[in-house]
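The values are calculated or read from the model by the stated rules, or taken from the named source; none is laboratory data. Note that the structure is a prediction, hence the values are computed from the model and not measured. Glycine also receives a Cβ, built like all others from the backbone with ideal geometry; neighbour counts cover every protein chain displayed.
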């Protein structure tokens, strides 16, 4: 059982308040949609939860079996898929997957990579440089990377951005799978993406 | 996918191998280093002529070229991550120490290749008489380590700044001035025909400086890298 506990979280950039007093708790099998207008701090909330920004107030704690995880453990059990997460354009999809698997301390075989790429509809494109990918294909590759990392806490920012109908269905299946076995947090403005989550956290501007 | 017990070194090697692969495909970093150093060397050689320069002046010219060439090229290792937007993925997945060590080894490789090409060219262009080539080679090797030890952390600090190139030179200079002065003094002794006994204190200082800089960088990098 995994748990994400956010308590009294607030973030300011200088004098500008982004959000304040955000609290929620999610356990394995629960998912949350963070919604709000542009500039309301959805992305900042996700990146603060992932320790990319220090919160101005409050804290974010990750638990596994009621044991608080340290920074290294959090890094190995979380993953983010977002339009602003870029992979290496001058590496192939396979090289990207192998690299991120190794630095995350995971082993992956050629067959494993083929299977991951097939799951996101990128079969036979593994040897192409990511530079040659469309934005939708790059988004699919990020989901392959998420599947590779098998995160216990999956963070998604605009999960279906740049995807065609086929891509949306693939992502929908992945989110369905991870909602059962992980904690999923989704930042979105798209009404149909609210349905991916069991709870909603609304941020106001 | 199963988790492995891949240690720090294998993760650092993955970062190093990735950077090396990207460099082989673009050759941006090495070309920057070589372009700057060869151009400067040619201009200096043409302006000052080939003979009559004192060992101290020769040594100063050599190490100043090396310093500014490394300033021009070594920051790329982090700037490239920031400009391509890949640093977020790296921060979210990789151990900061593995990132630092991988980048340090990459910079060492880059600067070592530059030194291997530029040092013989300097000797030819400037007609430098060196009796003890191996001793000078040892000094160059220690200089590569000291320069990279000092500049890799600075490169991470300035990578997200708006005026990266200028800031890198300004921030790196106070840190690097100590080994630079030592190298100028030691190089002059070698060019004057000095033996290893004459430059032992310089060599020891370079080793100690590199050790301190790498240790401090490993301790500090996590805080520089995370936000």
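As a summary of the residue check, residue B:116 satisfies the conditions (1) in contact with a helix residue (DSSP H, G or I) (Cβ under 6 Å, 6 or more places away or on another chain); (2) more than 23 Å from residue B:57 (Cβ to Cβ); (3) free of Cβ contacts under 8 Å to residues at least 12 places away in the same chain except for the one numbered (1).
For the criterion of being over 21 Å from residue B:17 (Cα atoms) and either at pLDDT 95 or above or within 8 Å of another protein chain (Cβ to nearest Cβ) (or both), residue A:106 fails.
Which ones in the range A:1-33 are buried (at least 20 other Cβ atoms within 10 Å of the Cβ), out of contact with any helix residue (DSSP H, G or I) (no Cβ under 9 Å at 6 or more places or on another chain) and closer than 12 Å to residue A:55 by Cβ? Passing the criteria: none in range. Checked against the criteria, residue A:126 counts as in contact with a helix residue (DSSP H, G or I) (Cβ under 6 Å, 6 or more places away or on another chain), more than 10 Å from every other protein chain (Cβ to nearest Cβ) and at pLDDT below 95.
Return yes when residue A:62 is touching a helix residue (DSSP H, G or I) at 6+ places or on another chain (Cβ under 8 Å), within 21 Å of residue A:175 (Cα to Cα), crowded, with 19+ Cβ neighbours inside 10 Å and more than 11 Å from chain B (Cβ to nearest Cβ) and no when it is not. Taking the combined requirement at face value, the residue satisfies it.
Based on this model, can you work out whether residue B:15 counts as away from every other protein chain (no Cβ under 11 Å), assigned to a helix (DSSP H, G or I) and either buried (at least 21 other Cβ atoms within 10 Å of the Cβ) or more than 17 Å from the chain's Cα centre (by Cα) (or both)? Criteria not met by residue B:15.
Candidates are the residues of the range B:172-216 that are within 15 Å of the chain's Cα centre (by Cα) and surrounded by 21 or more Cβ atoms within 10 Å (Cβ to Cβ); the one that is farthest from residue B:134 (Cα to Cα) is B:172. In the range A:182-189 there is at least one residue that is farther than 19 Å from residue A:79 by Cβ and either out of contact with any strand residue (DSSP E or B) (no Cβ under 9 Å at 6 or more places or on another chain) or surrounded by fewer than 21 Cβ atoms within 10 Å (Cβ to Cβ) (or both). Of the residues in the range B:66-76, at least one is within 30 Å of residue A:83 (Cα to Cα) and in a loop (DSSP other than H, G, I, E, B). Does the range A:55-74 contain at least one residue that is in a helix (DSSP H, G or I) and either in contact with a strand residue (DSSP E or B) (Cβ under 6 Å, 6 or more places away or on another chain) or closer than 16 Å to residue A:150 by Cβ (or both)? There is at least one residue in the range A:55-74 that is in a helix (DSSP H, G or I) and either in contact with a strand residue (DSSP E or B) (Cβ under 6 Å, 6 or more places away or on another chain) or closer than 16 Å to residue A:150 by Cβ (or both). Report yes if residue B:149 is within 20 Å of residue B:41 (Cα to Cα), more than 14 Å from every other protein chain (Cβ to nearest Cβ) and within 9 Å of the chain's Cα centre (by Cα), otherwise no. Spelling it out, it is not the case that residue B:149 is within 20 Å of residue B:41 (Cα to Cα), more than 14 Å from every other protein chain (Cβ to nearest Cβ) and within 9 Å of the chain's Cα centre (by Cα).
Residue A:95 meets the conditions (1) part of a helix (DSSP H, G or I); (2) facing chain B (nearest Cβ under 8 Å); (3) more than 18 Å from the chain's Cα centre (by Cα); (4) at pLDDT below 95 in every case but one. The failed one is (4).
Here is a check on your reading of the model: is residue A:37 within 11 Å of chain B (Cβ to nearest Cβ), touching a residue at least 40 places away in the same chain (Cβ under 8 Å) and surrounded by fewer than 18 Cβ atoms within 10 Å (Cβ to Cβ)? Here the answer is no, as residue A:37 does not meet what is asked. Does residue A:173 fit the bill of being free of Cβ contacts under 8 Å to residues at least 40 places away in the same chain, surrounded by fewer than 14 Cβ atoms within 10 Å (Cβ to Cβ) and in a loop (DSSP other than H, G, I, E, B)? For residue A:173, the condition - free of Cβ contacts under 8 Å to residues at least 40 places away in the same chain, surrounded by fewer than 14 Cβ atoms within 10 Å (Cβ to Cβ) and in a loop (DSSP other than H, G, I, E, B) - is not met. Looking across B:80, B:25, B:91, one residue alone is at the interface with chain A (Cβ under 9 Å from one of its Cβ atoms), in contact with a helix residue (DSSP H, G or I) (Cβ under 8 Å, 6 or more places away or on another chain) and not in a loop (DSSP other than H, G, I, E, B). It is B:91. Across the range B:97-110, which residue is nearest to the other protein chains (Cβ to nearest Cβ) among those that are buried (at least 21 other Cβ atoms within 10 Å of the Cβ) and farther than 16 Å from residue B:80 by Cβ? So the residue we want is B:98.
For residue B:149, the conditions (1) outside any loop (DSSP other than H, G, I, E, B); (2) over 30 Å from residue B:11 (Cα atoms) are fulfilled apart from (2). Just one residue in the set A:133, A:143 is more than 11 Å from chain B (Cβ to nearest Cβ) and more than 11 Å from the chain's Cα centre (by Cα); that residue is A:133. Among the residues of the range A:101-113, is any touching a residue at least 12 places away in the same chain (Cβ under 8 Å), under 30 Å from residue A:48 (Cβ atoms) and assigned to a helix (DSSP H, G or I)? For the range A:101-113, residues touching a residue at least 12 places away in the same chain (Cβ under 8 Å), under 30 Å from residue A:48 (Cβ atoms) and assigned to a helix (DSSP H, G or I): present.
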